Structures are given as structure tokens and as C-alpha cells.
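For reference, the structure discussed in these notes is given below.
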Number of protein chains: 2
Amino acid sequence: MAVSARRGTPLTLEEIYTTALRMVDEVGVEGLSMRKLAAELDVNPMSLYHHVDNKMALLTQICDTNVQRLDLPPDESLPWQERLRILARAYRRLTTDHPEMWRYVYAHPEITADREGGLWGVLFPILEAAGVPQGEQRRTADVLYGFVAGLVFAETAGHIGQGQDAEEADRTFEAAVDLIVRGLGG
Amino acid sequence: MAVSARRGTPLTLEEIYTTALRMVDEVGVEGLSMRKLAAELDVNPMSLYHHVDNKMALLTQICDTNVQRLDLPPDESLPWQERLRILARAYRRLTTDHPEMWRYVYAHPEITADREGGLWGVLFPILEAAGVPQGEQRRTADVLYGFVAGLVFAETAGHIGQGQDAEEADRTFEAAVDLIVRGLGG
DNA sequence: ACCTGAACACCGTTCAAGT
DNA sequence: ACCTGAACACCGTTCAAGT
């Protein structure tokens, strides 16, 4: 007895990540354990540690991969108002694919620290075009990130919009972006 | 052996809540366990269950008590812009007292569901005074809650403002509230 | 009424041993 | 190189027994 717990094939990183993300989608990060993941993969729990440092490294890896998927950048020729809207919508769309994973990302900012470079690289030119003074751009970027990420989080976590359908939620998000654009003077 | 593990005095709910909150402040919710809490109280872990249903009920109780502490309401004679600023600042001040506890509140909205009634009761008249149409007030309230709670969360969690001092963080928050007021047409 | 010890069903992770 | 079982140090919680 040794080979057949797993059906012939060897364990791959790909397979581990995919299965882990699926389980997070289904039962949340709280519901995922290394032991259950191993059971799902039909493997001894300890086999996982041959491919992954530990649970946190596994989760970080999964989150990183998804953060990288942000659609960038909106065409620079568009007015800044439109670019901001497109960016905000892209960010929100990203989070709706794997809401449970994103709840974890929000709760553990160290995971994505300095890895959302693409986002900031697009945001600053937009603020420049909106006429935000150089000295205020970092601050304004922080505020906008806090607003949009926070609103999306409040939405996925269920702080707001309880009992509303998807279209209503979309309208609320658009109203939010409108408010931001108006607040920036556009 | 029986009486002296605890020094004479009996366990009280007060004592349990206070000690638990202190431990959350120190090591976060993740670092709090029923067993460690019992050790801190010099008591058998199972004694806690005589006073508290389970860990989640304990945490919910602690959070509830603190949510209730929101300073309300700003004087109704002030202009709505000023009332909104005061409300936003009060909300932020509340979260800075026990940031680790608030990270938990944000991640578990079911805890405070329908318990922040005071906040909404003050917010709607402000929106009315700001000229937000009746049919849009619920939506606008959601957006504002998402913005402010989200920004504060981003701040306490460390998503934004990394390496900045308290004064700088205050200025960022004021800029955020300014943007909201402008966005509302004020 | 309040507290306790032993026990159950879980965790993440290490380590020495197997192929 | 890859996988495994046994073990360690933890969890939350139940239950029957103690005072």
C-alpha cells in the first residue's frame, strides 16, 4: 500500500491552486483546511508541504495570481472621467469572480502590498488629467482606493445592499462613481 | 484541589468581556482563543461556557457594546455639510479605539446587522437636508457608508497611508470627507 | 449555581521513514 | 524526487462529575 491513494498521476502546483480556489469559492477561506484540501486531491495532507511552504503562502499565491488579472489600462485618449469609471468597474468586476477570496485579501493587505502596481500606475495619470495638484495626488489616490475598494468590500461582505438584486447593486456602484467624479470637480 | 485555581472571587461577564477585548487589542481576534482567555482569567477553559454560549457569541457581544458607543447626533440646526463631517469623524474615532476588533466587525457584517440603527437615523435627515431625492436616499446612504467605513477599514488594515503619521492620516480623512460633500453638491 | 477533567473531533506543521 | 504515518502542539466544544 503506497501508490494508489492517489490515482497514478503526481500532484502539481496548478492542481493544488485550482482546487484550493474552488474550495475557497465554495466554503470560504475559513472553511478551507490543508487537510480537507488534501482529501479533495486524494492525497496525504503532508504531501502538500512538498509543493507549498505553508497555508499562508498558498493563499497568498492564489490571491496574487488573481490580483494580477486587473484589466489595464483604459485608453489614454479618453477623458479622465471616463477612464476613472472604466478603472473602477474593472476593479469591481475582478472582485465579483471570487468574492470569498477577496474578503480575505481585504482582511490581509500585506498579501497584495506593492503588487497592485498596475492600478496605481494608471490612477496617477488620471488624477493628473483631472487637475489634482502633484502634492495631493498620493492622498487623493489613497482616498479613491479606500472608497472604491471599501464600497466593493461592503457590497461583497453584505454590509450594504441587503436583499437587492444585481442590477440595483450596479446602479448603486454607478452612483458611487458619479459622486467621486463630481467630488473631483468633473 | 478545587477552589484555588481562581483566587476566591467568582467569574463575571464584565470581567470576561473586558479581558477578551484587551486581548483582542493586543493580539487580534486571530490570536484570541477561549483557552488563552481562560488562562488569562486563571480559570478552567470550560468555566467560560457557563457564562457565554460560544466564542462567536462572545465576540459579537463585545462588538455590539462598542458599536453602540457611536456619538450621536450632531445638532440638527447645523448645516448638513457640517453634520456629515461630524458624523464621519465620530465614526472614525470609534474605530481607532479598538482597531483589531473593528477589522473583525468589517469582516463579519452579520454581527452588526441592524444594530447601527442610530447611524442611519442620523444619516437620512442629513441627506434630506442635502436635497437628495427620497428615492435615492437609501442608495446614497449605502454609498456613503461604503465609502466612509471602507476608507476607515483601508486605513486601519494598512491598505493605504503606509508609513504616514497620525496627522497625515487625519488630513487624508478630511480630504475624503471634503470630496464626499462636494460630490453631494455642497 | 458554578466549576472542573477527560474526551472528541478538529487544526497546521515537523520529522523520520518509506518507494 | 515524491509521498506517507505517527506525532506534537494547538483549537472549540460536550458531557458527566464534582463542590
Handout entry: Residue under evaluation A:LEU179, criteria (1) in a helix (DSSP H, G or I); (2) more than 8 Å from chain B (Cβ to nearest Cβ), criterion not met
Key = (2)
Exercise for the section: Please verify whether segment B:124-138 includes one or more residues that are closer than 14 Å to A:ALA107 by Cβ and assigned to a helix (DSSP H, G or I). Expected result: no
Exercise for the section: Within segment A:156-175, track down each residue that is facing chain B (nearest Cβ under 8 Å) and touching a residue at least 40 places away in the same chain (Cβ under 8 Å). Expected result: A:ALA157
Practice task
Kindly check whether there is at least one residue in segment A:58-78 that is within 16 Å of DNA strand D (Cβ to nearest atom) and either within 14 Å of chain B (Cβ to nearest Cβ) or farther than 30 Å from B:LEU179 by Cα (or both).
Solution key: yes
Practice task
Provide a single number: the residues in segment A:81-102 that are open to solvent by 60 Å² or more (accessible area, probe 1.4 Å) and of a type in the set (Lys, Arg).
Solution key: 2
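Here is a yes/no grid of residues against (1) at pLDDT 95 or above; (2) within 18 Å of the chain's Cα centre (by Cα); (3) more than 26 Å from A:PHE147 (Cα to Cα):
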residue	(1), (2), (3)
B:LYS36	yes, no, yes
B:LEU72	no, yes, no
B:GLU82	yes, no, no
B:ARG92	yes, yes, no
B:MET101	yes, yes, no
B:ILE111	no, yes, no
B:GLY117	no, yes, no
B:ALA130	yes, no, no
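Given the options B:LEU21, B:LEU72, B:LEU78, B:LEU59, name the one that is open to solvent by less than 20 Å² (accessible area, probe 1.4 Å) and not small (Gly, Ala, Ser).
When all the criteria are applied, what remains is B:LEU59.
If the requirement is being more than 14 Å from every other protein chain (Cβ to nearest Cβ), of a type in the set (Asp, Glu) and within 16 Å of DNA strand C (Cβ to nearest atom), which of these qualifies: B:ASP42, B:ASP25?
B:ASP42
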Practice task
Please find, among A:VAL105, A:VAL143, the residue that is within 25 Å of B:TRP102 (Cβ to Cβ), facing chain B (nearest Cβ under 10 Å), assigned to a helix (DSSP H, G or I) and modelled with pLDDT under 95.
Solution key: A:VAL105
Exercise for the section: Output the residues belonging to segment B:33-56 that are open to solvent by 80 Å² or more (accessible area, probe 1.4 Å) and free of Cβ contacts under 8 Å to residues at least 24 places away in the same chain. Expected result: B:ARG35, B:LYS36, B:GLU40, B:MET46, B:TYR49, B:ASP53, B:MET56
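The values are calculated or read from the model by the stated rules, or taken from the named source; none is laboratory data. Small disclaimer: the values here were computed from a predicted structure and weren't measured. When we count neighbours, we look across all protein chains shown, and the Cβ atoms used for this are built from the backbone with ideal geometry, even at glycine. For the accessible areas, the whole protein counts, side chains as well, though only heavy atoms, and no ligand, DNA or RNA atoms are used. Shrake-Rupley method; radii C 1.70, N 1.55, O 1.52, S 1.80 Å.
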